[in-house]
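Below is one structure; the comments refer to it alone.
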Amino acid sequence: MPEKILFSYECFSLRWFKSWIYILLGSIFIAAAFVLFITPYHIVPGGVYGTGVVLHYLFPAIQVGTFGLMLDIPLLLIAFLIFGAKFGAKTIVAAAFTPVVMNLMTYYIGEDPASMLGGSINLSHDVLLSCIFGGVFLGFGMALILKTHATSGRTDIIAMILHKFARWPIGRCILVVDSCVVLLGLIVLKD
């Protein structure tokens, strides 16, 4: 059945193009959230990229997107082993495209809030506002990706594995996984 759909006219329908545009735009919004509002202020929202923020603080030579990709690849492989083909091409593209865009934005825009975009979005004295903008961008990007029935990889996979084996509700599993990342951030970024 999947082979039949793959080569049918539905492959290049308007719905197909819209879903890929949503994936790419969602990835760009997630990358912008981290590059502009989250990473420069050492905010740890949880997830793979939250772990990337913590690791980037410890190892500044490696970008958050690179850490995200390094953590996403084994998670995707584990997901394929456990869940099979349920994790399709859209998830792989979202998981690979987001860190690439994140690293490109960091390279061209920079990491110092005082110099990013000429200092026009320097929120060093109002980190709560940075949290709000970062959360809105991150939420919008995730919504676009989830609208296509894909995920962006990340710790959703760990939560789904925990859900499968522990039989906890998926919301609780996501909360547990993200709480562990935030606690790690509290320990490492305590200054």
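Per-structure values
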| item | result |
| --- | --- |
| Criterion (under 19 Å from Gly139 (Cβ atoms) and open to solvent by 20 Å² or more (accessible area, probe 1.4 Å)) met by exactly one of Leu77, Leu24 | Leu24 |
| Residue in the stretch 57-71 that is open to solvent by 20 Å² or more (accessible area, probe 1.4 Å), aromatic (Phe, Trp, Tyr) and out of contact with any strand residue (DSSP E or B) (no Cβ under 6 Å at 6 or more places or on another chain) present | yes |
| Residue satisfying all of: in the stretch 105-133; without any contact (Cβ under 8 Å) to a residue 60 or more places away in the chain and closer than 21 Å to Pro45 by Cα; nearest to the chain's Cα centre (by Cα) among these | Ile132 |
| Of all residues making up the stretch 11-35, the number that are among the small types (Gly, Ala, Ser) and in contact with a Lys or Arg (Cβ under 9 Å, 6 or more places away or on another chain) | 2 |
| Qualifying residue in the stretch 36-54 (condition: over 24 Å from Cys173 (Cβ atoms), out of contact with any Lys or Arg (no Cβ under 6 Å at 6 or more places or on another chain), outside any helix (DSSP H, G or I) and among the small types (Gly, Ala, Ser)) | no |
| Selection count where residues are of a type in the set (D, E, K, R) and without any contact (Cβ under 8 Å) to a residue 60 or more places away in the chain, scope the stretch 137-151 | 0 |
| Selection from the stretch 55-70 of residues that are touching a residue at least 40 places away in the same chain (Cβ under 8 Å) and not in a loop (DSSP other than H, G, I, E, B) | Tyr57, Leu58, Val64, Gly65, Gly68 |
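The values are calculated or read from the model by the stated rules, or taken from the named source; none is laboratory data. Everything quoted here is computed from the prediction, not taken from an experiment. Cβ coordinates were reconstructed from backbone atoms using ideal geometry, including for glycine residues, and neighbour counts include every protein chain displayed. Surface accessibility is based on the protein's heavy atoms, side chains included, excluding ligands, DNA and RNA. Shrake-Rupley method; radii C 1.70, N 1.55, O 1.52, S 1.80 Å.
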